Amino acid sequence: VHSNQGPLNSVSQHTLKAPISYVGIGLHTGKKVSMTVHPSEPNSGINFIRKDVSAAQAAVVARWYNVVDTRLSTVIGNEYGVTVATIEHLMAALRGTGVDNATVEIDGPEVPILDGSSQPFVELIERSGREPQPSQRWAIWIHQPISAYADGRYALLLPDTRARITVEIDFPSPVVGAQKLSVDLDQAFRQEVAPARTFGFAHEIHLLRKRGFALGGSLRNAILVSEDRVINEEGLRYPDEFVRHKILDCLGDLALAGVPIIGHYCGYKPGHQLNNELVRTLFSKIGGWSYLTIDEFDELLGRGRRRTPLQKPDDTMTWGTNKH
Ligand SMILES: [Zn+2]
């Protein structure tokens, strides 16, 4: 029996109870940045404000259509060319803990990497607490499969009654190799996904740095994998930490849809580019999905909390219609 009371299934929108702040370095730029996440209005979503550029050009909305680079991390930008890089671990933390609306003030071009996972963000969000807001929470409910393919990789969104992510990776490395994991986000995000760290291969670091990436990377904020072992002294947080981190990245990229997606994401060797293509495809397929409030969705599933649950199997036929 599934609980439907987790953060992804809250009926109302939530923001933070109080601002949270931190200072850290960007993984790719190596630049030290200060960041404060503030509560914000219902239906405002997640918005970044660059404090180090002129106020008129500083706002970057965290949505799929603003993704401007996906080579090594997800980078968003506005029409003035102002960008914020490596947003995915913060976006995953906000979505995974059910924070719908927040304004992120940052005084540099890249979100701090912290320990390479979402865990420090999640701990700060939990310390602040979530504030319920007087607005219904919308979700995207998938009713026809959505897909994106590229170079032997794929990503799918399939109809489901829960927000699930299944990821399969296959690296030509005996340390990482083939890993596959499926999680129910509402049940598993906090314990099974949020602490999983980003990773890199020792033989790629030199080339990355020559190209100006991974300048802030260290054993404090990434798992470093050599030919035959994990170089970090503390080892792994999970035997399959690599695929768990990919799930975290996918959640962060899907969060750019703007509202939670109720459906089953399946990715085979997914990456930021493929995920962005999947979300772009989603928004180009009118009729393959609907916006529903969580309340309406619960009612469709016969688990309504406020009204009489629907019981007849025929009622599930209304799933085929696009209500909004
Ligand atoms: Zn990542």
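The values are calculated or read from the model by the stated rules, or taken from the named source; none is laboratory data. What you are looking at is a predicted structure, and each value in this text was computed from that prediction instead of being measured. Note: ideal-geometry Cβ built from the backbone for every residue, glycine included; neighbour counts use all protein chains shown. With ligands, DNA and RNA removed, areas are computed over all heavy atoms of the protein, side chains included. Shrake-Rupley method; radii C 1.70, N 1.55, O 1.52, S 1.80 Å.
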Exposure rank, largest accessible area first [Ser10, Ser21, Ser34; 1.4 Å]: Ser21, Ser34, Ser10
Of all DSSP beta bridges in the chain, antiparallel share, percent nearest 5: 75 percent
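What's the extension gain from Leu208 to Ser12 if we count 0.36 nm per residue and subtract their Cα-Cα distance?
Numbers: separation 196, 0.36 × 196 = 70.56 nm, distance 4.33 nm.
Residue separation times 0.36 nm, minus the Cα-Cα distance, leaves 66.2 nm.
Let me check I have the definition right: for segment 98-159, take the eigenvalues of the Cα gyration tensor, multiply each by 5, take square roots. What are those semi-axes in whole Å, largest first?
Numbers: eigenvalues 171, 96, 28 Å².
For segment 98-159, the semi-axes come out at 29, 22, 12 Å.
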Angle between the chain longest axis and helix 119-128 axis [Cα atoms, degrees, rounded to 10]: 50 degrees
Debye, to nearest 20: dipole size of segment 180-243, +1 on Lys, Arg Cβ, -1 on Asp, Glu Cβ: 400 debye
Rg and Dmax [Cα atoms of segment 197-286; Å; Rg one decimal, Dmax integer]: 15.8, 50
Projected label distance in nm at Tyr80 and Glu234, using a 7 Å step from Cα toward the beta-carbon: 3.9 nm
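Which values, in whole Å and largest first, are the semi-axes of the equivalent ellipsoid of segment 1-127 obtained as the square root of 5 times each eigenvalue of the Cα gyration tensor?
On the way: eigenvalues 114, 52, 41 Å².
After diagonalising the Cα gyration tensor, the semi-axes are 24, 16, 14 Å.
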Tilt relative to the chain, helix 241-254 - C-alpha long axis, 0 to 90 degrees, to 10: 60 degrees
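For the chain, calculate the relative contact order in percent as a whole number, restricting contacts to Cα pairs under 8 Å that are 6 or more residues apart. Please list the in-between numbers first.
Details: 742 pairs, mean separation 75.9, N = 324.
It comes to 23 percent, rounded to a whole number.
By DSSP, what percent of the beta bridges with both residues in segment 20-143 are antiparallel, rounded to the nearest 5? Numbers along the way, then the final one.
Numbers: 19 of 25 bridges.
Taking every DSSP beta bridge within segment 20-143, about 75 percent pair in antiparallel fashion.
Return the calculated 222 nm mean residue ellipticity for the chain, to the nearest 500 deg cm²/dmol, obtained by summing -39500 (n - 2.57) across DSSP H runs with n ≥ 4 and dividing by the residue count.
Working: 7 runs with 66 residues, N = 324.
Using -39500 (n - 2.57) per qualifying helix, the result is -6000 deg cm²/dmol.
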Tilt relative to the chain, helix 272-284 - C-alpha long axis, 0 to 90 degrees, to 10: 30 degrees
Mean projection area, nm², convex hull over Cα of the chain: 16.8 nm²
Highest-MSF residue in the chain out of Phe283, Phe242, Phe48 [GNM, Cα springs under 10 Å]: Phe283
Per-bin percent of Cα-Cα distances, segment 114-229 [5 Å]: 2, 8, 12, 15, 18, 18, 13, 8, 5, 1, 0
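Pop out the carbon and sulfur fraction of the accessible area of the chain as a percent, whole number, probe 1.4 Å.
Values: 7520 of 14260 Å².
Heavy-atom surface of the chain belonging to carbon and sulfur, 1.4 Å probe: 53 percent.
Could you state the accessible area per residue of segment 82-142 in Å², with a 1.4 Å probe and every protein chain left in place?
Per residue, segment 82-142 has 25 Å² of solvent-accessible surface.
Quick check for me: using +1 on Lys/Arg Cβ and -1 on Asp/Glu Cβ, what's the dipole size of the chain about its Cα centre, in debye to the nearest 20?
Numbers: 34 positive and 36 negative charges, 49 e Å.
The calculated dipole for the chain is roughly 240 debye.
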